[in-house]
Each structure stands twice: as structure tokens, then as C-alpha cells.
1. Using 0.36 nm times the number of residues separating ALA103 and GLU157, minus their current alpha carbon distance, what extension gain do you get?
2. So what is the calculated 222 nm ellipticity per residue for the chain, using -39500 (n - 2.57) for each DSSP H run with n of 4 or more, over all residues, to the nearest 500 deg cm²/dmol?
3. Could you tell me what percent of the accessible area of the chain is made up of carbon and sulfur, with a 1.4 Å probe and every protein chain present?
4. Note down the relative contact order for the chain as a percent, whole number, built from C-alpha pairs under 8 angstrom at least six residues apart.
5. What is the mean projected area of the alpha carbon convex hull for the range 8-119, to one decimal in square nanometres?
6. Report the gain in length on full extension from ALA135 to ASP8: 0.36 nm times residue separation, minus Cα-Cα distance, nm rounded to one decimal.
7. For the range 28-97 and the range 130-191, write down the distance between their C-alpha centroids in whole Å.
8. Is there a quick way to get the dipole size of the range 1-108? I mean about its Cα centre, with the Cβ of Lys and Arg at +1 and of Asp and Glu at -1; what is the value in debye to the nearest 20?
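The values are calculated or read from the model by the stated rules, or taken from the named source; none is laboratory data. All values reported here derive from a predicted model rather than from experimental measurement. Using ideal geometry, Cβ is built from the backbone for each residue, glycine included, and neighbour counts are taken over all protein chains shown. Quick note on the areas: whole protein, heavy atoms, side chains included, nothing else; ligands and nucleic acids left out. Shrake-Rupley method; radii C 1.70, N 1.55, O 1.52, S 1.80 Å.
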Amino acid sequence: MAIQLCDDRGASGFSWIVDEPATRTSHALADDGRVWFVDPVRHDEALERASTLGNPAAVVQLLDRHNRDCAKVATELGVPHLVVPDAIPDSPFETVALTRNRAWRETALWWPATCTLVVAEALGTNRFFVAGDEAVGVQLLLRLTPPRAALGGFEPEHLLVGHGRGVHGPAAATALRHALEHSRRGFPQLLLRVPGFAVDAYRRRR
């Protein structure tokens with residue numbers, strides 16, 4: 001399994017991405033000598049790099065089904081494993097409740113000091129999420145009812161997702177607005193890719 005570091009944000013952290021169709025992406029968010037790991041796939045180089053930014057504070061699982069290596073990494077580092085949290089005490093992050101039902105529970109993170117928005121599943125940047133000229137796309141199952149109320153008020157400078165590379169600078173806020181405002185437009189195109197989604201999900205479960 002090939003993994004690459006990406007989205008280097010200097011002292012504020014970095015991300016790493018699995019070279020696979022789903023492009024699972026994990027994040028290390030660093031502040032004041034502490035590091036929070038978001039939806040991590042375990043990777044030695046990432047853990048070593050994170051250790052230079054501070055002490056581990058917690059593993060944050062933003063989506064109920066994003067088990068990945070969250071529990072394993074939390075145990076290894078000796079930190080709490082927070083699953084779809086409604087709050088992250090003693091941290092610089094605000095939580096945003098995106099979905100709360102039996103089929104889908106997801107929390108997003110907003111980091112005001114760095115204007116960073118982290119969205120695990122509702123938004124993505126890989127080919128299973130984007131249609132046409134989109135830089136960021138709404139997840140297929142949310143295309144008809146995108147989370148405009150929850151996310152539409154943010155103006156991120158860094159938009160980090162759980163599938164694909166992040167978007168940074170002025171393009172981040174523009175891409176977010178476009179994704180939320182035009183989600184229905186790309187629905188038919190993504191619907192044609194459903195067989196590919198199924199094949200990829202099957203392979204990752206093997």
C-alpha cells in the first residue's frame with residue numbers, strides 16, 4: 001500500500017494520502033505543542049513527522065464508518081479515540097454536526113485560527129466526488145440535499161477532506177461555495193460511476 005505525504009501546512013500540520021481509487025486521506029493538526037490525528041490510516045512516516053510537531057493529543061474519527069486505523073493509532077499513542085464528537089475539549093477546534101442519523105453520523109471540524117475546514121465524507125476531491133469542472137464535490141448520497149446550512153457560512157483558507165488532496169488559498173472558499181450551490185448539477189454524472197464505487201469498496205474490504 002503506497003502512501004504519500006501531502007497538504008503540508010508547516011507548523012499547523014500536514015496530511016497523507018493512500019494511492020488507491022478511494023484516495024483515503026488522513027490529517028495531523030498541530031497547535032501549541034499538541035497534535036490531533038484525524039481519520040488516520042497508520043503510516044510510520046506520518047507518525048514520525050507528527051512527532052516533530054508536538055505531543056499526541058487525540059485521535060478524532062469524524063465519520064462513524066471511517067474506522068480505518070483510528071483505534072489502533074489511539075492505543076499505540078496512548079490518547080483518546082473520539083468518535084464523531086460533539087466537542088473536542090481543550091482544543092482549538094469547533095465541531096460542526098453534519099449528519100446525525102442511524103445510517104450516517106458525521107462531524108466536521110472548523111479551526112478558526114487557521115481558517116481550516118476538515119470534512120471527512122460529505123465533501124471530497126477525488127473522481128468519486130467531483131463532476132465536470134468541480135475542484136470539490138458533494139458526496140453522491142448528499143447531492144440532492146447538500147449540507148449548505150452547516151457549511152455554507154465558512155470561508156476556509158484550507159479545505160481538507162477524507163478522500164483526496166486538500167484545496168488551499170482563495171480557491172478553497174470558492175470551491176466550497178461552488179460545491180454546495182451546484183451539487184445537483186453533477187448528480188447524473190456521478191450516478192454513472194456507482195459500479196466503480198462498489199468495486200472499490202469490495203476491494204478495500206478484502
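1. Value of the extension gain: 16.4 nm.
2. Result for the chain, helices only: -6500 deg cm²/dmol.
3. The computed percentage sits at 52.
4. 15
5. 6.9
6. 43.9 nm
7. Taking the Cα centre of each part, the range 28-97 and the range 130-191 sit 24 Å apart.
8. Dipole size: approximately 380 debye.
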